[in-house]
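The values are calculated or read from the model by the stated rules, or taken from the named source; none is laboratory data. Predicted model, so just to flag it, every value in this text is computed and none were measured. Neighbour counts are summed over all protein chains in view; Cβ atoms, including those assigned to glycine, are modelled from backbone coordinates with ideal geometry. Protein only, heavy atoms only, side chains kept; ligands, DNA and RNA dropped before computing areas. Shrake-Rupley method; radii C 1.70, N 1.55, O 1.52, S 1.80 Å.
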Amino acid sequence: TSLARIRNFAIIAHIDHGKSTLADRLIQFCGGLADREMKEQVLDSMDIERERGITIKAQTVRLEYPAKDGVTYVLNLMDTPGHVDFAYEVSRSLAACEGSLLVVDASQGVEAQTLANVYQALDAGHEIVPILNKVDLPAAEPERVKQQIEDVIGLPADDAVMISAKTGLNIEGVLEAIVTRLPAPTGDETKPLQALLVDSWYDPYLGVVILVRVKQGRLRRNMRIRLMAKGTAHPVNDIGVFTPKMQPVDDLGPGEMGYITAAMKTVADCNVGDTITDDRAPATEQLPGFRPSIPVVWCGLFPTDADEFEKLRESLGKLRLNDSSFHFDPESSAALGFGFRCGFLGLLHLEIVQERLSREFDLDLIATAPSVVYKLTKNNGDEIELHNPADMPDPSLVKSIQEPWIKATIFVPDEYLGSILALCSERRGVQVDLTYVGNRAMAVYRLPLNEVVFDFYDRLKSISRGYASFDYAVDGYEEGDLVKISILVNNEPVDALSFMAHRSAADRRARSICEKLKDLIPRQLFKIPIQAAIGGKVIARETIGAMSKDVTAKCYGGDISRKRKLLDKQKEGKKRMRQFGKVEIPQSAFIAALKMD
Ligand code: GTP
């Protein structure tokens, strides 16, 4: 395909502004799928995504569009995730394109992730076409939102394309804007191959699948490719494009996007951002890689059944191939046995990985409390990174502890501003800026990440009845008065439940966890004290009363099947329990206990 006929673009938007719906419409318009194949939101291929209605993995589709100028263009569409946790995936999708469609909900206007995404697109050197979606809604105010795009983002919005992705209104207007307003890619096909490794994942049938964007040269079937950073070479099995079905092609030239399946033994070989070249005639230089993703939230994952440790290791390896922003290292816990310390981009990312492990790999897991990465300086000058509160050295040996801070941007309608500001200051936030855009406020705060990882986002949403939007970036480390709080169940410390907190919040959080555990841990035949302590000093305490009778005693009469059901149910519950000394703690207690408030 000649370069002038190619357009590579991403769709960027705040969550729920209609990105996936628009992508579906574009695919449908270009006839990529027959109507009966057109399941809603075809790009969101993972079940979890469809259920949660959010886009996790960036995906790509090749479309053919016969434009009004008589030329048939090849359009490569990259879908991008909208949630803050996945900013990294956005940046790597953008590196594979020359332009972006900026979708803004005409009834909502500019939100926190609209801004964050636009900045990333501008960083990637993109041409941007604003699209006002949902103009079918009675609450749509396209003129006001256009003005907002100009005022807040500083993008000309006069010729924004007005559409309804839902009804299909003016989808052709979007396609015309893509071919007339976005630039064609450049690249010399006679030069040695340079292709960007945009993404890779593990497919149970095909093995390792790599998504590439060719920058120069030509990628051919039967070629031997070399991963330049990694330094390994592999024969190519197959090359193709997504239409969105996988369709083999003979080669891919400059400006084109597609997939490679290659004979790779280890899944760890593919690093996103690596440059792929021809092993026989290699390029001399690598393409600029991606910003590496730095996990900001860590937690331990342990198999409920110790025999599943190897299976967990293998599954984590496969997941990592699919998701390079996810990290894991082996760890062992006195309470939980052997498992892995895993790093995530945020809490949603953590939840999704956990869910995928249980669904796709059928693993039954226990997750410990999420924690941020602290930097410790010991009295002897040693500096250590603390990924796990259980590893906290004796406080008398520690000179100082630094914690990560973030810079958060919050958009919120006027009427909820007061409660949002209160939430931020309760979480030790420091106001940086407060401005108004129409009847919405934009508050910029610096906050300790520790105060945000657990439930800040949920609280923000509930306080503002869903109207606040939030985006953040990590913004350095600062010293803080931080303490480790240990939890003791029946006088035994449960290492997996210990956590770090600011001293000013220690009492409140210790109390709330003890109260929670009291409700979460089932009664046993004896009394169980639950205590929270800093060092040797107990700062909160609850007691679970003893259970009086056998639970099956409830089923008086001779209904044996009911009795059996109850016992089966208990057995099912047992699988997700862990024994601590004489006490069993259900897995749900670990997660629930650490959600604050
Ligand atoms: P994420 O993938 O979660 O980032 O969201 P998204 O931006 O892809 O949004 P999605 O396409 O899932 O749309 C969000 C909601 O808005 C869905 O319920 C859509 O049906 C609805 N929606 C999308 N476009 C329109 C539109 O033009 N008009 C109306 N009324 N609703 C729309």
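To the nearest 10, the accessible area of T232 is 40 Å² with a 1.4 Å probe.
Spin-label model, L525 to E176: label points 7 Å out along the Cα-to-beta-carbon direction sit 8.0 nm apart.
Counting heavy atoms of the protein chains only and a 1.4 Å probe, report the per residue accessible area for region 124-186 as a whole number of Å².
45 Å²
Note on exposure: T284, T304, T277 ranked by accessible area (1.4 Å probe, complete protein assembly) read T284, T304, T277, with the most exposed listed first. What a 1.4 Å probe finds exposed on region 306-428 is 48% carbon and sulfur by accessible area, rounded to a whole percent. Look at the dipole of region 290-367 built from charges on Cβ: of L301, V353, S333, the Cα furthest out on the positive end belongs to V353.
In this structure, the residue pairs whose Cα-Cα separation is over 24 Å, taken from K399/K537; K191/K245; K407/K518; K311/K375; K215/K318; K516/K537, are K191/K245; K407/K518; K311/K375; K215/K318.
Residues whose amide H comes within less than 5 Å of that of D199, counting only those at least five positions distant or on another chain, are L211 (H built at 1.01 Å from N in the peptide plane). In straight Cα distance, which aspartates and glutamates are under 17 Å from K527, not counting same-chain residues fewer than 8 positions off? Answer for K527, where 17 Å is the Cα cut-off: E492, E515, D519, E542, D550, E584, listed by chain and number. Segment A281..D394, full-extension length gain: 35.0 nm, with 0.36 nm per residue of separation and the alpha-carbon distance subtracted. Applying 0.36 nm per residue to the separation of R220 and S462 and subtracting their alpha-carbon distance, the gain on full extension is 81.9 nm. Given the protein chains as shown and a 1.4 Å probe, how many square angstrom of T435 are accessible, to the nearest 10? Its heavy atoms expose roughly 50 Å² to the probe.
Which value, in Å² rounded to 10, gives the accessible area of D481 with a 1.4 Å probe and all protein chains present? For D481, solvent-accessible area is about 70 Å². Looking at region 338-445, the accessible area is 40 square angstrom per residue; that uses a 1.4 Å probe and ignores ligands, DNA and RNA. Below 12 angstrom from the Cβ of L397, what's the summed charge of the other residues (Lys, Arg +1; Asp, Glu -1)? Summing Lys/Arg as +1 and Asp/Glu as -1 gives 0. Distance between the C-alpha centres of region 110-183 and region 406-447: 25 Å, rounded to the whole angstrom.
Near N76, the amide H atoms lying under 5 Å from its own belong to R7, N8, F9, L63; only residues 5 or more places off or on other chains count, and H is placed 1.01 Å from N.
The residues I149, I294, sorted by heavy-atom accessible surface at 1.4 Å with ligands and nucleic acids left out, run I294, I149 from largest to smallest.
You can think of it this way: the chain between V432 and A306 has 40.5 nm of extra reach, that is 0.36 nm per residue less the Cα-Cα gap.
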